[in-house]
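Colleague: Quick one: structure below, then a few questions.
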Amino acid sequence: MEHLPITPPEGQRLAARTTILCCAVVLLCYSVVRAITVSFTWDESWSFLHYVIPRVYFQNAFDAMGANHHMLNVWGMIAASHLFGNSELSLRLPNLLAHAVFLYATARIALRSPYYIVSITAFLVLNLDPYLLDFFSLARGYGLAIGWMMLSLWMFTRYFTEGRQLKWLALAMLTAALSALSNLIMINYLLALATAFAALWGMDTLRGQGTSKRHLGVVAAGTALGLAATLPSAIALSQGGSLFFGCGSIWDCALNSLAEKLMYLVHYGWPARSILLVFFAFAVVCVTAVVFSAWRGRWMKELQVMLFGACVTGACIAFNMLQHVLFDTPFPKDRTALYLVPLILFVPVSGLVAWPRGSFTPGALGTVLALPLLLHMARSANLTHCVEWKPEGEVSKMLALISHDHLPLGKDRPVVSLSTSFESWGCLPYYQVRDNMQWLMATPREYPKPFATADYYIVESDGQDQVDPLNWELLYHSAATGTDLYRDKRMRALHRKAERIVLDMEAPDVIGRSNEQHVSGRFSVRFDAATRSTNRIYWVVPDTIPAGMVLIYGTGSTLQPEANNWIALVLRVARGQQELAMSNMGPTLEARYPGQWAKLAVSLVPMVDLLPGDTVQMSAWPMFDLNVMYLDDMVLSVIH
C-alpha cells in the first residue's frame with residue numbers, strides 16, 4: 001500500500017503559512033509587551049547588578065548565587081545595555097530574539113504536515129504554554145536555552161528528511177551547544193543528542209544503511225565544543241554548592257513543581273500533577289496512533305524524526321537520573337525542568353506532521369491536543385506578572401507612585417524609607433541603580449516579624465495580616481499579583497521639628513581622617529586593615545521634647561572600589577545600660593556603585609516613647625578589611 005506524498009496542496013500550504021504567521025506575530029507581540037510592563041524579577045536584578053554593570057563575562061564566584069550567571073544571557077544583556085541602555089525592554093531583548101527563533105523553528109516543523117489543520121494545531125501545541133512564554137520576556141537564560149534547543153531540533157529534522165546533509169548536522173550541534181551556553185541544565189540535552197544520534201547511527205550501520213563516520217565525528221566535535229565551554233563552570237559550581245536548586249524526588253517534588261507552574265496557579269478542580277499526567281498520557285496515545293498507522297500503511301521510514309526525538313527525550317531523563325545517583329545532583333525543579341516540556345511535545349508533533357495525506361485522524365488528534373492548551377492560555381495570559389516571581393510583577397508601578405508621592409527631601413528628611421515583603425525587595429536594586437534612586441532606603445521584612453516602620457510599605461499576600469488599617473493608607477492594589485502599596489500617615493506628620501548632628505570630618509581627632517578622597521570639605525574617613533571604626537555620633541534626648549513618635553535617620557556618603565565589601569551604618573537607642581532599639585543597614589546602594597560616591601542610609605523608629613536622658617548613637621563599620629573604603633558626610637537626624 002503506497003501512501004500519498006507528504007507535500008500539501010499549494011492552497012492549504014499558503015493558508016497554513018498565513019495562519020501560523022499571524023499566530024506567531026501575536027505571540028511575539030505578547031512577549032514584547034510583557035517585557036515592557038512586567039517588573040524586573042529578583043534573579044534579573046541580581047544578574048544586572050553583579051554581572052552586567054561590572055561586565056562579568058565569565059563566572060568568577062562559585063557560591064550560592066553562582067548558578068545565576070547564565071552565560072549567553074549575560075553576554076546578551078551586556079551587549080543590549082551597551083547599545084540600547086538599561087530599560088527592561090533592552091535587557092530582555094536577547095530572550096525576545098530567542099522567542100523569534102523558537103517561533104521560526106516551531107513554524108517550520110509544523111509546516112511539514114500536508115494537512116492545514118495539523119500544521120496549525122502542531123504549532124499551537126508547541127507554543128501555547130504561558131509558563132514557557134514567561135521566560136521569553138525575562139532576562140534569564142531559560143528562554144535562550146529553549147529557543148536554541150528548538151532550532152537544533154529543526155536542524156535535525158532537516159538532516160533526517162533532506163538527504164542527511166552534513167551542513168544541517170553541523171548547524172544542529174552548533175545550536176545545541178549555544179543552548180548549553182545559555183543554561184547549564186542543557187548540558188544534559190547536548191549529551192542526550194550525542195547519545196541518541198550515536199545509537200541511531202550504530203543501528204543504521206548494522207543494517208548497512210549508515211552514513212559516513214564524518215557525521216559521527218561532527219556530532220562528537222559539537223558535543224566536545226559545548227562541553228569544553230560549559231563543563232568546567234558546571235563542575236566548579238557543583239563543588240561550590242551553587243547547584244542546590246532542585247528536587248530530591250521525581251514524583252512528589254520534580255513533577256509536582258513543574259505541574260503547578262505549568263498550570264500557572266489556575267485551579268481546575270483537579271491536582272495539577274494529575275492534569276499534566278492526563279495530558280502527557282494523551283500525547284502517548286497520539287504517538288501510539290502514529291506508529292500503528294505507519295506500520296499498517298508502511299510509512300515507518302517517515303518516523304525517523306519522531307524516533308530521534310523520543311530517544312533524545314529518554315536520554316535527557318536518563319542523564320538527570322544518572323547524575324542524581326552518581327553525584328547527588330538534584331532533579332530538575334519547575335523552571336529547570338521546563339525545557340523537557342517542548343522536548344516531550346516534539347515527539348507527538350513530529351509524528352503527526354509526518355502523517356501522509358488521506359486521513360482525518362492526525363487533524364483530530366492534533367485538535368484534541370491543542371484545544372486544552374488554547375483554553376488554558378486564554379485563562380492565564382496577562383501583562384502584569386510571571387508566575388515564577390508573581391508577587392513583584394507590578395513593583396515598578398509602585399516605585400513610580402512613591403517617586404511622585406513622597407515628601408520633599410532635604411537635610412532634615414534625607415531619604416524615603418520603604419519596608420517591603422521579601423520577594424519584592426529582591427527586585428528593587430535594579431530600579432534604584434537604573435533610576436539613581438539613592439534617596440530610597442528599602443528594608444526587607446524578616447518573616448514572621450512585623451514590618452519595620454517606614455514611609456511606605458510593599459505588602460505581599462503573606463503579609464496582609466500585618467497591615468495597620470489605622471495608620472496605613474492604601475495607595476495601590478495589584479489584583480493580579482496580590483501585592484499592595486501602603487503609605488504611613490504618621491510618617492508624613494513627622495516634620496515639625498528636627499535635630500541634626502554632623503560628624504565634623506575636618507576635626508583633627510576624627511579616627512581614620514584622610515585627605516585622599518572627599519565629597520565635601522577636605523577630609524573623609526579612610527577604612528582599611530588598621531582602621532576598623534571611627535568616631536560615633538551621640539544625641540541625648542533633652543527634657544524639652546514631649547513624649548511621642550520619633551524618626552531617626554543616619555546618612556553618609558561612601559566610596560568603595562569593589563562590590564565585595566561595604567560599610568554598615570548602625571543606630572542604637574539606649575536608656576542607661578538598656579538597649580531600647582537598634583537598626584543597621586548594609587550592604588545597600590553603596591555596594592552597587594563601586595568606584596563612585598554613593599549615599600548610605602539607615603532609619604529607626606523606636607516602638608517606645610523616648611524620655612529625657614535617653615541616648616541615640618550612630619556608628620559606622622566596614623564589613624571586611626579586603627580593601628580601602630572612604631566615608632564622608634556622616635549625619636544623624638532626629639525628627640519628632
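The values are calculated or read from the model by the stated rules, or taken from the named source; none is laboratory data. Everything quoted here is computed from the prediction, not taken from an experiment. Cβ sites come from the backbone with ideal geometry, for glycine too, and all protein chains shown count toward neighbours.
Colleague: So Cys23 passes all but one of these: (1) in contact with a Leu (Cβ under 9 Å, 6 or more places away or on another chain); (2) hydrophobic (A, V, I, L, M, F, W, C); (3) exposed (fewer than 13 other Cβ atoms within 10 Å of the Cβ). Which condition number does it fail?
Modeller: The single condition Cys23 does not satisfy is (3).
Colleague: Separate question: Looking at Arg158, Arg214, Arg140, Arg108, which is the one that is at pLDDT below 95 and either of a type in the set (Lys, Arg) or buried (at least 24 other Cβ atoms within 10 Å of the Cβ) (or both)?
Modeller: Values: Arg158 fails: at pLDDT below 95; Arg140 fails: at pLDDT below 95; Arg108 fails: at pLDDT below 95.
Within the list Arg158, Arg214, Arg140, Arg108, the selection yields Arg214.
Colleague: Of the residues Ala400, Ala378, which single one is part of a helix (DSSP H, G or I), without any contact (Cβ under 8 Å) to a residue 60 or more places away in the chain, in the same structural domain as Tyr115 (by TED's automatic domain parsing) and more than 30 Å from Ala294 (Cα to Cα)? Quick ask: steps written out before the conclusion?
Modeller: Values: Ala400 fails: in the same structural domain as Tyr115 (by TED's automatic domain parsing).
On inspection, the qualifying residue turns out to be Ala378.
Colleague: Test of understanding: among Leu470, Leu503, Leu474, Leu440, which residue is of a type in the set (A, V, I, L, M) and touching a helix residue (DSSP H, G or I) at 6+ places or on another chain (Cβ under 8 Å)?
Modeller: Numbers: Leu470 fails: touching a helix residue (DSSP H, G or I) at 6+ places or on another chain (Cβ under 8 Å); Leu503 fails: touching a helix residue (DSSP H, G or I) at 6+ places or on another chain (Cβ under 8 Å); Leu474 fails: touching a helix residue (DSSP H, G or I) at 6+ places or on another chain (Cβ under 8 Å).
None of the others qualify; the one that does is Leu440.
Colleague: Can you tell me which residue in region 264-274 is farthest from Leu190 (Cα to Cα), limited to those that are part of a loop (DSSP other than H, G, I, E, B) and free of Cβ contacts under 8 Å to residues at least 24 places away in the same chain? Before the answer, list the steps.
Modeller: Residues of region 264-274 part of a loop (DSSP other than H, G, I, E, B): 264-271.
The next check asks that each one be free of Cβ contacts under 8 Å to residues at least 24 places away in the same chain; those that pass are 267-271.
Details: His267: 35, Tyr268: 36, Gly269: 38, Trp270: 35, Pro271: 33 Å.
For region 264-274, the residue satisfying everything is Gly269.
Colleague: Are any residues in region 409-422 exposed (fewer than 14 other Cβ atoms within 10 Å of the Cβ) and either at pLDDT 90 or above or charged (D, E, K, R) (or both), and if so, which ones? It would help to see each step written out before you state the result.
Modeller: Step one: filter region 409-422 for residues exposed (fewer than 14 other Cβ atoms within 10 Å of the Cβ), giving 409-411.
Matches in region 409-422: Lys411 only.
Colleague: Residues Val285, Val278, Val305: which one is exposed (fewer than 13 other Cβ atoms within 10 Å of the Cβ) and within 36 Å of the chain's Cα centre (by Cα)? Working first, answer last.
Modeller: Numbers: Val285 fails: exposed (fewer than 13 other Cβ atoms within 10 Å of the Cβ); Val305 fails: exposed (fewer than 13 other Cβ atoms within 10 Å of the Cβ).
Criteria check complete, one pass: Val278.
Colleague: Right, something else. What residue, among those in region 357-375 that are assigned to a loop (DSSP other than H, G, I, E, B) and in contact (Cβ under 8 Å) with a residue 24 or more places away in the chain, is farthest from Arg34 (Cα to Cα)?
Modeller: Taking region 357-375 first, the residues assigned to a loop (DSSP other than H, G, I, E, B) are 357-360.
This time we only want the ones that are in contact (Cβ under 8 Å) with a residue 24 or more places away in the chain, so: 357-359.
Working: Arg357: 39, Gly358: 42, Ser359: 40 Å.
Per the stated criteria, the residue is Gly358.
Colleague: Can you tell me which of Asp484, Asp468, Asp462 is outside any strand (DSSP E or B), within 20 Å of Met398 (Cβ to Cβ) and in contact (Cβ under 8 Å) with a residue 24 or more places away in the chain?
Modeller: Going through Asp484, Asp468, Asp462 in turn, just one is outside any strand (DSSP E or B), within 20 Å of Met398 (Cβ to Cβ) and in contact (Cβ under 8 Å) with a residue 24 or more places away in the chain: Asp462.
Colleague: Additional query: Hey, Arg500 hits all of (1) in contact (Cβ under 8 Å) with a residue 40 or more places away in the chain; (2) assigned to a strand (DSSP E or B); (3) under 29 Å from the mean Cα position of the chain (by Cα) but one; which does it fall short on?
Modeller: Just one mismatch for Arg500, condition (3).
Colleague: At pLDDT 90 or above, outside the structural domain of Ser39 (by TED's automatic domain parsing), surrounded by 17 or more Cβ atoms within 10 Å (Cβ to Cβ) and of a type in the set (D, E, K, R), is that true of Arg522? Can you show your working first?
Modeller: On the way: at pLDDT 90 or above: yes; outside the structural domain of Ser39 (by TED's automatic domain parsing): yes; surrounded by 17 or more Cβ atoms within 10 Å (Cβ to Cβ): no; of a type in the set (D, E, K, R): yes.
So Arg522 does not fit the description; no.
Colleague: If we scan region 263-275, do we find a residue that is within 20 Å of the chain's Cα centre (by Cα), surrounded by fewer than 16 Cβ atoms within 10 Å (Cβ to Cβ) and farther than 27 Å from Gly363 by Cβ?
Modeller: Initial filter on region 263-275 (within 20 Å of the chain's Cα centre (by Cα)): 263-265.
From the residues that got through so far, the ones that are surrounded by fewer than 16 Cβ atoms within 10 Å (Cβ to Cβ) too are 265.
When the remaining residues are screened for being farther than 27 Å from Gly363 by Cβ, the result is 265.
Within region 263-275 (the criterion being within 20 Å of the chain's Cα centre (by Cα), surrounded by fewer than 16 Cβ atoms within 10 Å (Cβ to Cβ) and farther than 27 Å from Gly363 by Cβ), the answer is yes, since at least one residue qualifies.
Colleague: Exactly one condition in (1) loosely packed, with under 15 Cβ neighbours inside 10 Å; (2) without any contact (Cβ under 8 Å) to a residue 40 or more places away in the chain; (3) under 19 Å from Leu128 (Cβ atoms) is false for Pro232; which is it?
Modeller: Among (1) loosely packed, with under 15 Cβ neighbours inside 10 Å; (2) without any contact (Cβ under 8 Å) to a residue 40 or more places away in the chain; (3) under 19 Å from Leu128 (Cβ atoms), the lone unmet condition for Pro232 is (3).
Colleague: What pairs can you find where one residue is in region 213-227 and free of Cβ contacts under 8 Å to residues at least 60 places away in the same chain, the other is among the β-branched types (Val, Ile, Thr), and their Cβ atoms are less than 9 Å apart, with a gap of 6+ or different chains?
Modeller: Close Cβ pairs satisfying both conditions: Gly226/Ile187; Leu227/Ile187.
Colleague: Going residue by residue through region 41-62, is there one that turns out to be closer than 23 Å to Glu392 by Cβ, modelled with pLDDT of 95 or more, assigned to a loop (DSSP other than H, G, I, E, B) and among the hydrophobic types (A, V, I, L, M, F, W, C)?
Modeller: no
Colleague: Here are Ala67, Ala139: which of them is part of a helix (DSSP H, G or I) and among the small types (Gly, Ala, Ser)?
Modeller: After ruling out the rest, the residue left standing is Ala67.
Colleague: Have a look at Phe331, Phe308, Phe327, Phe280 and point out the one that is touching a Cys at 6+ places or on another chain (Cβ under 6 Å) and either in contact (Cβ under 8 Å) with a residue 24 or more places away in the chain or among the basic types (Lys, Arg) (or both). Let's see the steps before the verdict.
Modeller: On the way: Phe308 fails: touching a Cys at 6+ places or on another chain (Cβ under 6 Å); Phe327 fails: touching a Cys at 6+ places or on another chain (Cβ under 6 Å); Phe280 fails: touching a Cys at 6+ places or on another chain (Cβ under 6 Å).
Only one candidate qualifies: Phe331.
Colleague: When you look at Ala170, is it modelled with pLDDT of 95 or more and over 29 Å from Val32 (Cα atoms), yes or no? Before you say what the answer is, go through the steps one by one.
Modeller: On the way: modelled with pLDDT of 95 or more: yes; over 29 Å from Val32 (Cα atoms): yes.
Considered against the rule, which asks whether it is modelled with pLDDT of 95 or more and over 29 Å from Val32 (Cα atoms), Ala170 comes out as yes.
Colleague: Let me spell it out: the conditions are (1) buried (at least 19 other Cβ atoms within 10 Å of the Cβ); (2) within 29 Å of Thr367 (Cβ to Cβ), and Val219 meets all of them except one. Which number is the exception?
Modeller: Single failed check for Val219: (2).
Colleague: What number of residues in region 104-132 are in a helix (DSSP H, G or I) and in contact with a His (Cβ under 8 Å, 6 or more places away or on another chain)? Walk me through it before giving the result.
Modeller: We begin by selecting, within region 104-132, every residue in a helix (DSSP H, G or I); these are 104-110, 116-127, 130-132.
Next, only the ones that are in contact with a His (Cβ under 8 Å, 6 or more places away or on another chain) stay: 130.
Looking only at that region, the number is 1.
Colleague: Answer with yes or no whether Arg526 is more than 17 Å from Pro606 (Cα to Cα), part of a loop (DSSP other than H, G, I, E, B) and among the basic types (Lys, Arg).
Modeller: Working: more than 17 Å from Pro606 (Cα to Cα): yes; part of a loop (DSSP other than H, G, I, E, B): no; among the basic types (Lys, Arg): yes.
No.
Colleague: Out of all the residues in region 332-356, which are touching a Gly at 6+ places or on another chain (Cβ under 6 Å) and surrounded by fewer than 21 Cβ atoms within 10 Å (Cβ to Cβ)?
Modeller: Lys333
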